[in-house]
Amino acid sequence: MSDSTSELVSDLTSLLGPERTSTSRAVLEGHSHGESFDGAVLPDVVVFPRSTQEVARVVELASARGIAITPVGANSSLEGHTVPVRGGISLDLSRMNRIVEFRAEDLLARVEPGVTYPQLNDFVRRSGLFFPVDPGAHATLGGMVSTNASGTAAVRYGVTANYVMALEVVLASGGVVRLGTEARKSSSGYNLKALFCGAEGTLGIITEVTVRLVGLPEAASAARVPFPDVATATAFVTALIQAGVPVARCELLDPASMVAVNRHKGTDYPEETTIFLEFHGNPAGIAAEAELARTLGLDAGALSFESSSDAAERARIWDARHSHFYAMVAANPGKRNIVTDVCVPISRLAGSVNGALAACTEAGLTGYLIGHVGDGNFHMTIFFDDAPEERARAEAVAHGIVERALEVGGTATGEHGVGLRKLGYMAAEHGNSLAAMREIKRLLDPFGIMNPGKKLPEAGP
């Protein structure tokens, strides 16, 4: 440990205490990477603040020394957001996990960034309210705001930014600002709150979030609908949305995924392109919606249509979707994987999905596709042996998927975020506006200490 690092650790220990300042190898390694990204870099020190004031003091120390700070929540990032590429301080916010205030009459809650969305939902459920954004992993609210997370319910409920009413943020100077209000709408000032939704910790550190809540649905219904191919499946989804059916969840699994699930679970689901649906509302409403979906599905070429509003049956219908990750891993023991996501216009979804699957097959690799097809977002998981040549082929397939998405007017990432892995696509996607983004970054983080190396590629000479 260098003298400067030793001095930093000493100052942080004086501030937070030895139990919340760590340089142990195990703790450093645990904060050196997220999920599905191998480029680990050890931080110099990991700290565990418990208040906005402590975060501000840590940032002041780092700012005075020009030391990088990488914020970490649940560390479930898939794109390298939490890799401390310049070492420095890994700022673990998981112990800032209080629900500060819950006001059912205003349909809002104020939480610290380390609160996970399942924890919030458990807390407010008895009131008949919930936070509807569900990215799958037990993500923290701070991380979800920082990546503008969405997930399986986005087709009806939208993305995290739609539910952020106000933020408390520590800036690179150590100053604390509050952005937004508890009002449902405002035309006052610039919408700075929106800047931090999806900023990936590169503009400041979120220390409190005020979120809007919605009513729990009275009833729910689920359906599983296999199709002979992707084109008919996506045509059905388009018809469903055009018919005005308020689908709450709309997921697609490719045939390879269904094969993997059957082998893993011992089930006999049709091994076809399969659409999973969920409807939320009152009993009469969801029954009508499911019946309309049945009619549209069979007219579009569905091989069958299975639906139920019974809780146990709903769980059984969704079992293949929820078992997907474990089934993929079980089918590819000892292999590594790359997970990528893109989002395209819905009219381009079938071609993009077929192109992704074909590219994987042509490369001689095993791939699995899952899509939030109601909004044009899909994810591809590519498995490979841990050998340089095979890794290069997997990366080439992932690269091609993103390039094709950009060519048809889509985006390099629908919900995972940019992190490190998607930096190379920002210029192609954003063009001249990338210069304006860099100016915003320089204004708010003049010394480049806030999660450096993420979100925006470095400017050329």
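Residue ranking by accessible heavy-atom surface, 1.4 Å probe, largest first, among Arg50, Arg421 comes out as Arg50, Arg421.
Among the chymotrypsin sites (Phe, Trp or Tyr not before Pro) in the stretch 342-414, none sits in a DSSP loop with a Cβ that has at most 11 other Cβ atoms within 10 Å.
Projecting the Cα atoms of Ser24, Leu108, Leu42 onto the dipole axis of the stretch 1-135, where Lys and Arg carry +1 and Asp and Glu carry -1 at the beta carbon, places Leu108 farthest toward the positive end.
With Rh defined as the Kirkwood radius, the inverse of the mean 1/r over Cα pairs, the Rg/Rh of the chain is 0.98. Restriction of the GluC sites (Glu not before Pro) in the stretch 397-461 to DSSP coil positions whose beta-carbon has at most 14 other beta-carbons within 10 angstrom yields Glu458. Shown for the stretch 70-131: the carbon plus sulfur share of the solvent-accessible area, taken with all protein chains present and a 1.4 angstrom probe, equals 46%. Summing Cβ point charges (Lys, Arg +1; Asp, Glu -1) relative to the Cα centre of the chain gives a dipole of roughly 820 debye.
Largest first, the residues Ser323, Ser433 sort by 1.4 Å accessible area into Ser433, Ser323.
Rounded to the nearest 5, the antiparallel percentage of DSSP beta bridges internal to the chain is 90%.
Between the residues Gly374, Ala287, Leu203, the greatest Cα displacement towards the positive end of the dipole of the chain, with unit charges on the Cβ of Lys, Arg, Asp and Glu, is found for Leu203.
Computed over protein heavy atoms with a 1.4 Å probe, the carbon and sulfur contribution to the accessible area of the stretch 240-343 reaches 53%. Among the chymotrypsin sites (Phe, Trp or Tyr not before Pro) found in the stretch 178-246, those both in a DSSP coil and sparsely packed, with 10 or fewer other Cβ atoms within 10 Å of their Cβ, are Tyr190. A 1.4 Å probe run over the protein chains yields, for the chain, 42 Å² of accessible area per residue, whole-number rounding. Remark: the stretch 300-431 is approximated by an ellipsoid whose semi-axes, taken from the C-alpha gyration tensor as √(5λ), come to 27, 21, 14 Å, largest first. In this structure, the pairs whose alpha-carbon distance is over 25 Å, taken from Lys185/Lys455; Lys193/Lys441; Lys185/Lys454; Lys335/Lys454, are Lys185/Lys455; Lys185/Lys454; Lys335/Lys454.
The values are calculated or read from the model by the stated rules, or taken from the named source; none is laboratory data. Worth saying up front: this structure is predicted, and the values here are computed from it rather than measured. FYI the Cβ positions are ideal-geometry reconstructions off the backbone, even for glycines, and counts take in every protein chain you see. Note: areas computed on protein heavy atoms with side chains; ligands, DNA, RNA excluded. Shrake-Rupley method; radii C 1.70, N 1.55, O 1.52, S 1.80 Å.
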